[in-house]
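The values are calculated or read from the model by the stated rules, or taken from the named source; none is laboratory data. Note that the structure is a prediction, hence the values are computed from the model and not measured. Note: ideal-geometry Cβ built from the backbone for every residue, glycine included; neighbour counts use all protein chains shown. Keep in mind that these areas ignore ligands, DNA and RNA; they rest on the heavy atoms of the full protein, side chains included. Shrake-Rupley method; radii C 1.70, N 1.55, O 1.52, S 1.80 Å.
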Amino acid sequence: MIVNNQLYQTVWIEGTSVFMIQQNLLPFKFEIHECKTYWDTCMAITDMTIRGAGAIGAAAGYAMAQAFLQFRDDNDKALSIREARQDIENTRPTARNLFYAVDRVYHAGLISPENAMVEAQKIAQQDARNSKKIGELGSSLIKKKANILTHCNAGWLAFVDYGTALAPIYLAKREGKEVFVYVDETRPRNQGAKLTAWELFNNGIPHVIIPDNAAASLMAQGKIDMVIVGADRIAANGDVANKIGTLDRAIIAKEFNIPFYVAAPTSTIDVNCGTGKEIPIEERKPEEVLFQSGIDSNNNYVQIRVSSPGSQALNLAFDVTPSKYITGIITEKGIIKAHHQSIKKLMEESVNQ
Ligand code: MRU
(Lines give C-alpha, C1' and ligand atoms only; values in the text may rest on other atoms or scores of the structure.)
Protein backbone atom coordinates (compact mmCIF):
# COMPACT_ATOMS: atom_id res chain seq x y z
CA MET A 1 0.00 0.00 0.00
CA ILE A 2 1.13 3.55 -0.64
CA VAL A 3 1.16 6.10 2.17
CA ASN A 4 2.74 9.54 1.73
CA ASN A 5 4.05 8.40 -1.68
CA GLN A 6 5.91 5.51 -0.10
CA LEU A 7 5.24 1.81 -0.40
CA TYR A 8 4.48 0.10 2.93
CA GLN A 9 3.43 -3.24 4.25
CA THR A 10 1.59 -3.37 7.57
CA VAL A 11 4.36 -5.34 9.28
CA TRP A 12 7.89 -6.41 8.36
CA ILE A 13 11.18 -7.45 9.91
CA GLU A 14 14.65 -5.90 9.58
CA GLY A 15 17.52 -7.64 11.35
CA THR A 16 15.97 -8.76 14.62
CA SER A 17 13.46 -5.91 14.94
CA VAL A 18 9.84 -6.15 13.86
CA PHE A 19 8.41 -2.94 12.41
CA MET A 20 4.74 -2.16 12.04
CA ILE A 21 2.36 0.67 11.26
CA GLN A 22 1.16 2.06 14.62
CA GLN A 23 -2.58 1.53 14.10
CA ASN A 24 -3.65 3.02 17.45
CA LEU A 25 -2.69 6.49 16.20
CA LEU A 26 -4.41 6.23 12.82
CA PRO A 27 -5.92 8.09 11.09
CA PHE A 28 -4.51 11.08 12.94
CA LYS A 29 -0.82 10.22 12.90
CA PHE A 30 1.16 7.88 10.69
CA GLU A 31 4.01 6.35 12.67
CA ILE A 32 6.12 3.23 12.47
CA HIS A 33 6.53 1.24 15.69
CA GLU A 34 9.63 -0.86 16.35
CA CYS A 35 9.59 -4.07 18.42
CA LYS A 36 13.12 -5.07 19.40
CA THR A 37 12.23 -8.27 21.25
CA TYR A 38 9.59 -10.96 20.96
CA TRP A 39 8.01 -9.50 24.10
CA ASP A 40 7.70 -6.05 22.49
CA THR A 41 5.92 -7.70 19.59
CA CYS A 42 3.58 -9.49 22.03
CA MET A 43 2.74 -6.15 23.65
CA ALA A 44 2.04 -4.59 20.26
CA ILE A 45 -0.40 -7.39 19.44
CA THR A 46 -2.14 -7.14 22.82
CA ASP A 47 -2.59 -3.37 22.78
CA MET A 48 -3.63 -3.45 19.11
CA THR A 49 -0.73 -1.39 17.79
CA ILE A 50 -1.08 -4.09 15.16
CA ARG A 51 -4.44 -5.76 14.67
CA GLY A 52 -6.49 -7.72 12.17
CA ALA A 53 -6.26 -11.47 11.71
CA GLY A 54 -3.61 -11.64 8.97
CA ALA A 55 -1.47 -8.83 10.37
CA ILE A 56 -1.35 -10.31 13.87
CA GLY A 57 -0.65 -13.70 12.32
CA ALA A 58 2.39 -12.30 10.52
CA ALA A 59 3.49 -10.38 13.63
CA ALA A 60 3.12 -13.49 15.80
CA GLY A 61 5.20 -15.49 13.33
CA TYR A 62 7.91 -12.83 13.49
CA ALA A 63 7.69 -12.79 17.31
CA MET A 64 8.30 -16.55 17.37
CA ALA A 65 11.33 -16.10 15.09
CA GLN A 66 12.59 -13.27 17.35
CA ALA A 67 12.37 -15.64 20.32
CA PHE A 68 14.48 -18.25 18.56
CA LEU A 69 17.12 -15.61 17.82
CA GLN A 70 16.93 -14.08 21.30
CA PHE A 71 17.34 -17.39 23.16
CA ARG A 72 19.75 -19.13 20.80
CA ASP A 73 22.56 -19.07 23.43
CA ASP A 74 20.39 -19.69 26.52
CA ASN A 75 21.38 -22.62 28.71
CA ASP A 76 17.82 -23.89 28.67
CA LYS A 77 16.78 -22.52 25.32
CA ALA A 78 14.11 -25.16 24.67
CA LEU A 79 12.25 -24.06 27.81
CA SER A 80 12.66 -20.31 27.07
CA ILE A 81 11.34 -20.83 23.55
CA ARG A 82 8.37 -22.86 24.76
CA GLU A 83 7.56 -20.09 27.26
CA ALA A 84 7.88 -17.48 24.53
CA ARG A 85 5.46 -19.48 22.37
CA GLN A 86 3.00 -19.47 25.26
CA ASP A 87 3.40 -15.70 25.69
CA ILE A 88 2.73 -15.09 22.01
CA GLU A 89 -0.30 -17.38 22.01
CA ASN A 90 -1.66 -15.61 25.09
CA THR A 91 -1.76 -12.21 23.37
CA ARG A 92 -5.12 -12.59 21.63
CA PRO A 93 -7.21 -15.76 21.58
CA THR A 94 -9.60 -15.50 18.64
CA ALA A 95 -7.78 -15.00 15.32
CA ARG A 96 -6.77 -18.39 13.95
CA ASN A 97 -3.94 -16.86 11.90
CA LEU A 98 -1.94 -16.14 15.05
CA PHE A 99 -1.86 -19.80 16.15
CA TYR A 100 -1.32 -20.98 12.57
CA ALA A 101 1.77 -18.76 12.21
CA VAL A 102 3.25 -19.53 15.63
CA ASP A 103 2.94 -23.26 15.03
CA ARG A 104 4.63 -23.08 11.63
CA VAL A 105 7.50 -20.90 12.85
CA TYR A 106 7.97 -22.93 16.03
CA HIS A 107 8.47 -26.15 14.07
CA ALA A 108 10.73 -24.44 11.54
CA GLY A 109 12.79 -22.99 14.40
CA LEU A 110 13.51 -26.43 15.84
CA ILE A 111 15.89 -26.79 12.88
CA SER A 112 17.59 -23.40 13.33
CA PRO A 113 16.74 -19.79 14.27
CA GLU A 114 17.53 -18.81 10.67
CA ASN A 115 15.00 -21.34 9.46
CA ALA A 116 12.41 -19.81 11.81
CA MET A 117 13.07 -16.43 10.24
CA VAL A 118 12.69 -17.80 6.72
CA GLU A 119 9.38 -19.41 7.67
CA ALA A 120 8.08 -16.19 9.29
CA GLN A 121 8.95 -14.26 6.12
CA LYS A 122 7.21 -16.91 4.05
CA ILE A 123 4.02 -16.59 6.11
CA ALA A 124 3.99 -12.81 5.70
CA GLN A 125 4.54 -13.07 1.94
CA GLN A 126 1.83 -15.72 1.62
CA ASP A 127 -0.57 -13.51 3.57
CA ALA A 128 -0.08 -10.66 1.09
CA ARG A 129 -0.33 -13.00 -1.91
CA ASN A 130 -3.50 -14.66 -0.62
CA SER A 131 -5.14 -11.32 0.01
CA LYS A 132 -4.34 -10.24 -3.55
CA LYS A 133 -5.93 -13.42 -4.88
CA ILE A 134 -9.02 -12.89 -2.68
CA GLY A 135 -9.33 -9.45 -4.24
CA GLU A 136 -9.24 -10.93 -7.75
CA LEU A 137 -11.80 -13.63 -7.00
CA GLY A 138 -14.03 -11.39 -4.92
CA SER A 139 -14.26 -8.57 -7.44
CA SER A 140 -16.15 -10.92 -9.78
CA LEU A 141 -19.03 -10.83 -7.27
CA ILE A 142 -19.29 -7.05 -7.33
CA LYS A 143 -21.73 -5.54 -9.82
CA LYS A 144 -21.39 -2.11 -11.42
CA LYS A 145 -22.46 0.73 -9.09
CA ALA A 146 -22.79 -1.69 -6.19
CA ASN A 147 -23.47 -0.30 -2.72
CA ILE A 148 -21.48 -2.41 -0.31
CA LEU A 149 -21.60 -2.57 3.48
CA THR A 150 -18.52 -3.59 5.45
CA HIS A 151 -17.87 -3.99 9.15
CA CYS A 152 -14.67 -3.39 11.14
CA ASN A 153 -11.47 -3.24 9.10
CA ALA A 154 -10.51 -6.09 6.85
CA GLY A 155 -8.44 -3.91 4.58
CA TRP A 156 -4.70 -3.85 4.04
CA LEU A 157 -4.10 -2.69 7.61
CA ALA A 158 -5.59 -5.95 8.87
CA PHE A 159 -3.24 -8.04 6.72
CA VAL A 160 0.29 -7.68 5.44
CA ASP A 161 -1.08 -6.03 2.31
CA TYR A 162 -4.24 -5.73 0.14
CA GLY A 163 -6.71 -6.95 2.78
CA THR A 164 -9.61 -9.36 2.36
CA ALA A 165 -13.04 -7.70 2.53
CA LEU A 166 -11.64 -4.52 0.99
CA ALA A 167 -9.38 -6.13 -1.62
CA PRO A 168 -12.30 -6.96 -3.98
CA ILE A 169 -13.57 -3.41 -3.56
CA TYR A 170 -10.18 -1.91 -4.48
CA LEU A 171 -10.04 -4.04 -7.58
CA ALA A 172 -13.67 -3.32 -8.54
CA LYS A 173 -12.84 0.38 -8.39
CA ARG A 174 -9.81 -0.12 -10.66
CA GLU A 175 -12.09 -2.04 -13.04
CA GLY A 176 -14.29 1.06 -13.25
CA LYS A 177 -17.30 -0.37 -11.41
CA GLU A 178 -18.07 2.85 -9.46
CA VAL A 179 -18.67 1.16 -6.13
CA PHE A 180 -19.89 2.93 -3.00
CA VAL A 181 -19.11 1.70 0.51
CA TYR A 182 -21.10 2.04 3.72
CA VAL A 183 -18.63 1.76 6.58
CA ASP A 184 -19.90 0.61 9.99
CA GLU A 185 -18.12 2.71 12.61
CA THR A 186 -17.54 -0.53 14.61
CA ARG A 187 -17.65 0.37 18.25
CA PRO A 188 -15.89 0.20 20.61
CA ARG A 189 -12.50 0.57 18.86
CA ASN A 190 -13.96 2.21 15.74
CA GLN A 191 -11.88 0.24 13.26
CA GLY A 192 -14.46 1.15 10.61
CA ALA A 193 -14.64 4.88 11.27
CA LYS A 194 -10.90 5.21 11.80
CA LEU A 195 -9.14 2.60 9.68
CA THR A 196 -11.49 1.44 6.91
CA ALA A 197 -12.59 5.01 6.21
CA TRP A 198 -8.93 6.14 6.06
CA GLU A 199 -8.01 3.35 3.68
CA LEU A 200 -10.99 4.04 1.41
CA PHE A 201 -10.27 7.77 1.42
CA ASN A 202 -6.64 7.13 0.47
CA ASN A 203 -7.80 4.94 -2.38
CA GLY A 204 -10.34 7.46 -3.67
CA ILE A 205 -13.32 5.18 -3.01
CA PRO A 206 -16.60 6.98 -2.33
CA HIS A 207 -17.88 5.98 1.09
CA VAL A 208 -19.72 7.13 4.14
CA ILE A 209 -19.32 6.16 7.81
CA ILE A 210 -22.55 4.99 9.41
CA PRO A 211 -23.37 4.47 13.09
CA ASP A 212 -23.36 0.84 14.11
CA ASN A 213 -27.12 0.81 14.49
CA ALA A 214 -27.93 2.15 10.99
CA ALA A 215 -27.48 -0.97 8.88
CA ALA A 216 -31.01 -2.39 9.27
CA SER A 217 -32.62 0.85 8.24
CA LEU A 218 -30.38 1.22 5.18
CA MET A 219 -31.03 -2.36 4.14
CA ALA A 220 -34.80 -1.85 4.57
CA GLN A 221 -34.54 1.17 2.27
CA GLY A 222 -32.82 -0.93 -0.42
CA LYS A 223 -29.61 1.07 -0.15
CA ILE A 224 -27.28 -1.90 0.29
CA ASP A 225 -26.66 -4.48 -2.46
CA MET A 226 -24.18 -6.72 -0.70
CA VAL A 227 -22.19 -7.13 2.51
CA ILE A 228 -18.52 -8.17 2.61
CA VAL A 229 -16.76 -8.73 5.93
CA GLY A 230 -13.56 -10.43 7.06
CA ALA A 231 -13.12 -13.26 9.53
CA ASP A 232 -10.95 -14.01 12.52
CA ARG A 233 -11.66 -17.73 12.67
CA ILE A 234 -13.82 -20.01 10.57
CA ALA A 235 -15.00 -23.29 12.05
CA ALA A 236 -15.14 -26.55 10.10
CA ASN A 237 -18.90 -26.20 9.63
CA GLY A 238 -18.63 -22.67 8.14
CA ASP A 239 -19.55 -20.66 11.25
CA VAL A 240 -17.52 -17.45 11.29
CA ALA A 241 -16.07 -15.47 14.20
CA ASN A 242 -15.58 -11.84 13.29
CA LYS A 243 -15.70 -8.43 14.97
CA ILE A 244 -18.62 -7.99 17.36
CA GLY A 245 -21.65 -6.75 15.42
CA THR A 246 -21.07 -8.97 12.39
CA LEU A 247 -23.81 -11.36 13.51
CA ASP A 248 -26.44 -8.60 13.55
CA ARG A 249 -25.49 -7.57 10.00
CA ALA A 250 -25.74 -11.16 8.79
CA ILE A 251 -29.19 -11.73 10.31
CA ILE A 252 -30.53 -8.47 8.90
CA ALA A 253 -29.02 -9.15 5.46
CA LYS A 254 -30.80 -12.51 5.35
CA GLU A 255 -34.08 -10.86 6.26
CA PHE A 256 -33.72 -8.46 3.31
CA ASN A 257 -32.28 -11.03 0.88
CA ILE A 258 -28.95 -9.27 0.62
CA PRO A 259 -25.88 -11.42 -0.18
CA PHE A 260 -23.54 -11.68 2.80
CA TYR A 261 -19.95 -12.66 1.95
CA VAL A 262 -17.01 -13.44 4.21
CA ALA A 263 -13.53 -12.89 2.73
CA ALA A 264 -10.66 -14.74 4.42
CA PRO A 265 -7.57 -16.77 3.59
CA THR A 266 -7.52 -20.51 4.31
CA SER A 267 -5.11 -19.75 7.19
CA THR A 268 -8.19 -18.42 9.03
CA ILE A 269 -9.99 -21.76 8.77
CA ASP A 270 -9.67 -23.93 11.85
CA VAL A 271 -10.68 -27.49 11.04
CA ASN A 272 -10.15 -28.40 14.68
CA CYS A 273 -13.08 -26.20 15.67
CA GLY A 274 -16.12 -28.24 14.70
CA THR A 275 -18.57 -25.38 15.09
CA GLY A 276 -18.49 -21.72 16.03
CA LYS A 277 -19.34 -22.62 19.63
CA GLU A 278 -15.78 -23.88 20.07
CA ILE A 279 -14.16 -20.60 18.94
CA PRO A 280 -12.61 -18.73 21.91
CA ILE A 281 -14.02 -15.22 22.10
CA GLU A 282 -11.75 -12.50 23.45
CA GLU A 283 -13.04 -10.27 26.20
CA ARG A 284 -11.16 -6.98 26.30
CA LYS A 285 -10.90 -4.22 28.88
CA PRO A 286 -14.14 -2.36 29.80
CA GLU A 287 -12.24 0.92 29.31
CA GLU A 288 -12.44 0.45 25.53
CA VAL A 289 -16.22 0.81 25.80
CA LEU A 290 -16.29 3.43 28.56
CA PHE A 291 -13.77 5.77 26.90
CA GLN A 292 -13.19 6.96 23.36
CA SER A 293 -10.02 8.36 21.86
CA GLY A 294 -9.31 10.84 19.11
CA ILE A 295 -7.86 14.30 18.59
CA ASP A 296 -9.07 17.60 20.02
CA SER A 297 -9.26 20.91 18.16
CA ASN A 298 -5.55 21.51 18.90
CA ASN A 299 -4.58 18.21 17.31
CA ASN A 300 -3.74 16.65 20.66
CA TYR A 301 -4.50 12.97 21.04
CA VAL A 302 -7.02 12.63 23.89
CA GLN A 303 -9.18 10.08 25.64
CA ILE A 304 -12.58 11.05 26.95
CA ARG A 305 -15.12 9.19 29.01
CA VAL A 306 -18.34 8.69 27.06
CA SER A 307 -20.29 6.73 29.64
CA SER A 308 -21.76 7.20 33.06
CA PRO A 309 -19.03 7.15 35.74
CA GLY A 310 -19.77 4.32 38.13
CA SER A 311 -21.00 1.93 35.43
CA GLN A 312 -18.99 -0.98 34.16
CA ALA A 313 -18.96 -2.36 30.61
CA LEU A 314 -18.86 -5.75 28.91
CA ASN A 315 -16.44 -5.79 25.99
CA LEU A 316 -16.68 -8.95 23.91
CA ALA A 317 -14.46 -8.36 20.89
CA PHE A 318 -16.01 -10.90 18.50
CA ASP A 319 -19.21 -12.75 17.74
CA VAL A 320 -19.99 -15.88 15.78
CA THR A 321 -22.18 -15.84 12.68
CA PRO A 322 -23.76 -19.23 11.98
CA SER A 323 -23.07 -20.55 8.50
CA LYS A 324 -26.75 -20.39 7.48
CA TYR A 325 -26.48 -16.59 7.21
CA ILE A 326 -23.43 -16.66 4.94
CA THR A 327 -23.83 -16.59 1.14
CA GLY A 328 -20.24 -17.59 0.48
CA ILE A 329 -16.67 -17.49 1.73
CA ILE A 330 -14.11 -15.88 -0.57
CA THR A 331 -10.74 -17.57 -0.07
CA GLU A 332 -7.54 -17.45 -2.10
CA LYS A 333 -8.39 -20.92 -3.42
CA GLY A 334 -11.90 -20.11 -4.57
CA ILE A 335 -15.32 -18.95 -3.45
CA ILE A 336 -17.05 -21.66 -1.48
CA LYS A 337 -20.28 -22.29 0.38
CA ALA A 338 -20.08 -21.89 4.18
CA HIS A 339 -20.67 -25.57 4.55
CA HIS A 340 -18.86 -28.47 6.15
CA GLN A 341 -18.36 -30.41 2.89
CA SER A 342 -17.05 -27.43 0.90
CA ILE A 343 -14.61 -26.48 3.67
CA LYS A 344 -13.37 -30.05 4.02
CA LYS A 345 -12.77 -30.31 0.27
CA LEU A 346 -10.99 -26.95 0.15
CA MET A 347 -8.70 -27.80 3.05
CA GLU A 348 -7.88 -31.23 1.65
CA GLU A 349 -6.98 -29.64 -1.68
CA SER A 350 -4.77 -27.09 0.15
CA VAL A 351 -2.85 -29.86 1.89
CA ASN A 352 -2.31 -31.71 -1.36
CA GLN A 353 -0.94 -28.68 -3.21
O1 MRU B 1 -9.88 -6.61 17.05
P2 MRU B 1 -9.28 -6.47 15.68
O3 MRU B 1 -9.25 -5.10 15.15
O4 MRU B 1 -7.97 -7.20 15.54
O5 MRU B 1 -10.34 -7.24 14.83
C6 MRU B 1 -10.06 -8.19 13.95
C7 MRU B 1 -10.49 -7.74 12.67
O8 MRU B 1 -9.68 -7.14 12.00
C9 MRU B 1 -11.86 -7.88 12.25
O10 MRU B 1 -12.65 -8.71 13.00
C11 MRU B 1 -11.89 -8.18 10.80
O12 MRU B 1 -13.15 -8.00 10.31
C13 MRU B 1 -11.42 -9.58 10.50
S14 MRU B 1 -10.46 -9.63 9.12
C15 MRU B 1 -8.91 -9.21 9.62
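Could you give the accessible area per residue of region 273-352, probe 1.4 Å, as a whole number in Å²?
Averaged over the residues of region 273-352, the accessible area is 59 Å².
Per-residue counts of other Cβ atoms within 10 Å, averaged by peptide: what ranking do you get for 240-248, 195-203, 221-229, 208-216, highest first?
Ranked from most to least packed, the peptides come out as 240-248, 195-203, 221-229, 208-216.
Measure off, as a whole percent, the carbon and sulfur share of the 1.4 Å-probe accessible area of the chain, all protein chains present.
Here it works out to 50 percent.
When ranked by the protection proxy of mean other Cβ atoms within 10 Å per residue, highest first, what sequence do the peptides 43-53, 59-69 form?
Those peptides, ordered most packed to least, come out 59-69, 43-53.
At 7 Å along the Cα-to-beta-carbon direction for both PHE256 and GLN125, put a label point, then send me their distance in nm to one decimal.
4.4
List the aspartates and glutamates whose alpha-carbon lies under 19 Å from that of LYS132, not counting same-chain residues fewer than 8 positions away?
Cross-link targets: ASP161, GLU175, GLU199, ASP232, GLU332.
So how many Å³ per residue does the convex hull of the Cα atoms of region 142-352 work out to?
137
Per the Debye formula with a single identical scatterer at each Cα and no solvent contribution, what log10 I(q)/I(0) holds for region 87-209 at q = 0.14 Å⁻¹?
-0.67
Give the distance, in whole Å, between the Cα centre of region 255-287 and the Cα centre of region 194-242.
14
I'd like to check one number: the per residue accessible area of region 2-131, probe 1.4 Å, reported in Å² as a whole number.
Dividing the accessible area of region 2-131 by its residue count gives 43 Å².
Just need log10 I(q)/I(0) for region 20-175 at q = 0.08, 0.11, 0.13 Å⁻¹, Debye formula, equal scatterers on the alpha-carbon atoms, no solvent, rounded to two decimals.
-0.26, -0.46, -0.62
Based on DSSP, what percent of beta bridges with both residues in region 142-352 are antiparallel, to the nearest 5?
If I count the DSSP bridges inside region 142-352, around 45 percent turn out antiparallel.
Under 5 Å between amide H atoms, partner at least 5 residues away or on a different chain: which partners does ILE13 have, H built in plane at 1.01 Å?
The list, which skips near neighbours in sequence, is PHE19.
Across region 20-33, in residue order, what do the Karplus-derived ³J(HN,Hα) couplings come to in whole Hz, using 6.51 cos²θ - 1.76 cosθ + 1.60 with θ = phi - 60° and x for Gly and Pro?
Coupling constants for region 20-33: 8, 6, 6, 6, 5, 9, 6, x, 7, 9, 10, 9, 9, 10 Hz.
For region 193-259, what is the convex hull volume of the alpha-carbon atoms per residue, in Å³?
Here the figure is 106 Å³ per residue.
Under a cut-off of 20 Å between alpha-carbon atoms, report the lysines in cross-link reach of LYS145, not counting same-chain residues fewer than 8 places apart.
Candidates past the 8-residue exclusion: LYS173, LYS177, LYS223.
Considering only LEU171, LEU7, GLN126, whose Cα is most displaced toward the positive end of the charge dipole of the chain, charges sitting on Cβ of Lys, Arg (+1) and Asp, Glu (-1)?
So the residue furthest toward the plus end is LEU171.
Once fully extended, how much extra length lies between ASN115 and ASN272, figured as 0.36 nm per residue of separation less the alpha-carbon to alpha-carbon distance?
Separation in residues times 0.36 nm, less the Cα-Cα distance, equals 53.9 nm.
Any chance you could run the full-extension gain for GLN292 through SER350? It's 0.36 nm times the residue separation minus the Cα-Cα distance, nm to one decimal.
This chain segment gains 16.7 nm when fully extended.
Under 14 Å from a label point 7 Å along Cα→Cβ of ARG72: give me every residue in region 13-44 with its amide N that close.
15-17
Mind checking the alpha-carbon convex hull of the chain and giving the volume per residue in Å³?
In the chain, the Cα convex hull volume per residue is 144 Å³.
Checking the cross-link filter: which lysines have an alpha carbon closer than 16 Å to that of LYS285, excluding same-chain neighbours under 8 positions apart?
Qualifying lysines at Cα under 16 Å: LYS243.
With just the Cα atoms defining each centre, how far is region 309-353 from region 1-71? Give it in Å.
The distance from the Cα centre of region 309-353 to that of region 1-71 comes to 25 Å.
Which distance in nm do the two modelled labels at ALA216 and LYS145 give, with both placed 7 Å along the Cα-to-Cβ direction?
For ALA216 paired with LYS145, the spin-label model returns 3.0 nm.
What is the helix-to-structure angle for 96-109, meaning the angle in degrees between its Cα long axis and the longest Cα principal axis of the chain, kept from 0 to 90 and rounded to the nearest 10?
Tilt of helix 96-109: around 20 degrees.
Sticking with the crude label model, points 7 Å out along Cα→Cβ, report the distance from GLN312 to ASN4 in nm, one decimal please.
With each label placed 7 Å out from Cα toward Cβ, I get 4.2 nm.
In a shell of Cβ-Cβ distance under 13 Å around ALA167, excluding ALA167 itself, what net charge do Lys and Arg (+1) and Asp and Glu (-1) give?
That sum, taken over residues with Cβ under 13 Å, equals -1.
Restricting to DSSP H runs of at least four residues, report the calculated mean residue ellipticity at 222 nm for the chain, -39500 (n - 2.57) per run over all residues, nearest 500 deg cm²/dmol.
Taking each H run of at least 4 residues, the total per residue is -11000 deg cm²/dmol.
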